[in-house]
Amino acid sequence: GRLAQVWRLEGQEKVRHLRKKHGIMPVYKRVDTCAAEFESFTPYLYSTYEDEDEAAPTDKKKVIILGSGPNRIGQGIEFDDGYETIMINCNPETVSTDYDTSDRLYFEPLTFEDVWAIYQHETSKGADVGVIVQFGGQTPLNLALPLKAAGVKIIGTSPESIDLAEDRKQFNKLLEDLQIPQAPGVMATSIEEAIAGAKRIGFPVLVRPSYVLGGRAMVIAYDEQSIVRYMQEAVEYSHDRPVLIDRFLEDAIEVDVDALSDGEDVVIGGIMQHIEEAGIHSGDSSCVLPAVDIPDALLDRMREYTFRLAKALKVVGLMNIQFAIPRGNGDSGNGAKGGKVYVLEVNPRASRTVPYVSKATGVPMAKIAARLMTGRKLREFLPEFIERRADLDTGSWYYVKSPVFPWNKFPGVDTVLGPEMKSTGEVMGVADNFGEAFAKAQLAAGQKLPTQGAVFISVTDSDKRHVAVVARKFVDMGFKLVATSGTADVLETAGMHVERVYKVKEGRPNVVDFIKGQRIQLVINTPTGQEPWFDEKAIRRAAVMARIPTITTLAAARAAAEGIAALQRGEIKVRALQQLHADRAVGVRRLAG
């Protein structure tokens, strides 16, 4: 790109043409991963512009897997179907942990220029080479169409289907044709369009750029000023890359579904219920497999939508769908309103939940997906699930995945969760009941739930009709309640004793003083709307610094109550995954072969 600017050429293609015309092509040098102590069988390669090439290509059939770049390591890079496996990634962790998983590792940037050069190098002896873009997240997906246009063979889901799922206008039409509900949304290529669209669908809205990963540059806008500020400062937009504006579902259960497909048959790996509300990035929310309180009718509806979408998109390999279910008006706040299920997003690729689902089911989903991309059929691996239209089996166990946050290492970061991902890791808790599994996951994530003491509760108005049920659970377990005035009124009306405390701006001693004085052992705080999200930052920050567990939704508070009840019963037991899946070991060996 820089050379094109200096030489005043129109695009990188012109530079590439000139290089090729004058024979200026990269060669590849090896790094000795064994430091000359013994023979190295897995080349680790990098490109340079010299004369001698140390990576002579073979004429074997090959598969190239594109990693995710410096953010995340690619998953599922294992092949033993007679293919030479080549990994391209610039993540240092690939070098330290997975350098010997593939036959060759190219330590190169994930750009069209670099991938295209490696592809040309590996096909120079006439080898049949296919490229997999599904295992590296959003970065390789963005390369799929340009690579195919250049003649690269993309195996698995086609680049056109990938683009269809990413292109909002095309995808909206597909959902309409399939009669699948979606949250109201618009696209905007100007500030005026963005404001008009947000007014039409109603505030608050979720605003984000096209083709992003990890929720980058996403915000929840509550008014026109937020929209204007976002469009002016946060993103670049154009006719080809519009800004996406969706109705923000403030009170909904979010669900993740991972599935395998060969273009004809579909098997659902797992339906994962998020503990946190919809609108919080899926990577930042705890989730449980199987779902704990979603009615069977809605689970069946999500299965049906998954089958329709997988076939319509002609998915070959893995896919991930995110659904939202609006909560009902029942006393517990758990119900679903009118049985409606909305599709939030479809990703025709491996998601971050695939390793979690694979561990929970004992089925190597990434390995099967890789074989499907080379032409094998799903019936070879999971015929019984296809016939029964059944999800992969988790047995009688609950598996809870929880995020790990770096708050202590980044003290200036706002701890309020939202659409932009903030977690840096994940853990899993396993038990024969949801409460124990959740408690284990929280413990592994560094957030130990208390078994006694005081719980501070301050909830938004919309949560006050449900908060008494949750608070009663803590009272029954022997906890004292501390609350701000509005929440305290509700709890006292329900017959509970509450110690009142000032809000941060009301006077002293306030809740932050209580936290710093170690008088609070658990914080439950559910902000909604723009003001509370920022006004209560002090409470969250104080809780993090004091290493006090902080819960931001009533759904998570209910989960915490079940977890604490399990801890009080002394039920924590450690089990090996191999032990849980022992009865399926034969089937797993068959899949691995």
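Only one of ILE280, ILE271 is modelled with pLDDT under 95 and under 21 Å from MET428 (Cβ atoms); which? Steps first, answer last, please.
Numbers: ILE271 fails: modelled with pLDDT under 95.
Answer to the check: ILE280.
Yes/no matrix, rows are residues, columns are (1) surrounded by fewer than 15 Cβ atoms within 10 Å (Cβ to Cβ); (2) in a helix (DSSP H, G or I):
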residue	(1), (2)
ASP489	yes, yes
VAL504	no, no
ARG519	no, no
ASN525	no, no
ARG540	no, yes
ALA543	no, yes
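Across segment 348-370, what is the total count of residues that are basic (Lys, Arg) and either crowded, with 22+ Cβ neighbours inside 10 Å or not assigned by TED's automatic domain parsing to the domain that holds SER286 (or both)? Working first, answer last.
Residues of segment 348-370 that are basic (Lys, Arg), as a first pass: 349, 352, 359, 367.
If we keep only those that are either crowded, with 22+ Cβ neighbours inside 10 Å or not assigned by TED's automatic domain parsing to the domain that holds SER286 (or both) too, we end up with 349.
Qualifying residue count, segment 348-370: 1.
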Yes or no: LEU244 over 15 Å from the mean Cα position of the chain (by Cα) and modelled with pLDDT of 95 or more?
no
Residues to consider are ALA454, ALA431; find the one that is at pLDDT 95 or above and among the hydrophobic types (A, V, I, L, M, F, W, C).
ALA454
Taking ARG389, is it surrounded by fewer than 17 Cβ atoms within 10 Å (Cβ to Cβ), at pLDDT below 95 and on the phi > 0 side of the Ramachandran plot?
yes
Taking THR123 and the conditions (1) in contact with a Pro (Cβ under 8 Å, 6 or more places away or on another chain); (2) under 29 Å from ILE321 (Cβ atoms); (3) modelled with pLDDT of 90 or more, which numbered condition does it fall short on, given that it satisfies the others?
(2)
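Let's see how each residue does on (1) acidic (Asp, Glu); (2) within 25 Å of ALA278 (Cα to Cα); (3) in a loop (DSSP other than H, G, I, E, B); (4) not assigned by TED's automatic domain parsing to the domain that holds LEU260:
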residue: SER102; (1), (2), (3), (4): no, no, yes, yes
residue: GLU108; (1), (2), (3), (4): yes, no, yes, yes
residue: ILE118; (1), (2), (3), (4): no, no, no, yes
residue: VAL131; (1), (2), (3), (4): no, no, no, yes
residue: LYS169; (1), (2), (3), (4): no, yes, no, yes
residue: LYS173; (1), (2), (3), (4): no, yes, no, yes
residue: LEU206; (1), (2), (3), (4): no, yes, no, yes
Name the pairs: first residue in segment 321-348 and at positive phi, second residue at pLDDT 90 or above and loosely packed, with under 15 Cβ neighbours inside 10 Å, Cβ to Cβ under 7 Å, at least 6 apart or on different chains?
GLY339/ALA297
Please go through (1) of a type in the set (Gly, Ala, Ser); (2) at pLDDT below 95; (3) assigned to a strand (DSSP E or B) for SER261 and return the number of the only condition it doesn't satisfy.
(2)
Using the structure shown, decide if VAL430 is assigned by TED's automatic domain parsing to the domain that holds ILE515, in contact (Cβ under 8 Å) with a residue 12 or more places away in the chain and surrounded by 19 or more Cβ atoms within 10 Å (Cβ to Cβ).
no
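Quick check, is VAL400 touching a Ser or Thr at 6+ places or on another chain (Cβ under 7 Å), surrounded by fewer than 17 Cβ atoms within 10 Å (Cβ to Cβ) and aliphatic (A, V, I, L, M)?
Details: touching a Ser or Thr at 6+ places or on another chain (Cβ under 7 Å): yes; surrounded by fewer than 17 Cβ atoms within 10 Å (Cβ to Cβ): no; aliphatic (A, V, I, L, M): yes.
Considered against the rule, which asks whether it is touching a Ser or Thr at 6+ places or on another chain (Cβ under 7 Å), surrounded by fewer than 17 Cβ atoms within 10 Å (Cβ to Cβ) and aliphatic (A, V, I, L, M), VAL400 comes out as no.
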Only one of VAL95, VAL6, VAL27 that is within 37 Å of the chain's Cα centre (by Cα), hydrophobic (A, V, I, L, M, F, W, C) and either loosely packed, with under 14 Cβ neighbours inside 10 Å or modelled with pLDDT of 70 or more (or both)
VAL27
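The values are calculated or read from the model by the stated rules, or taken from the named source; none is laboratory data. Keep in mind the model is a prediction, meaning the values are calculated, not measured. Note that each Cβ is placed from the backbone with ideal geometry, even for glycine, and that neighbours are counted across all protein chains shown.
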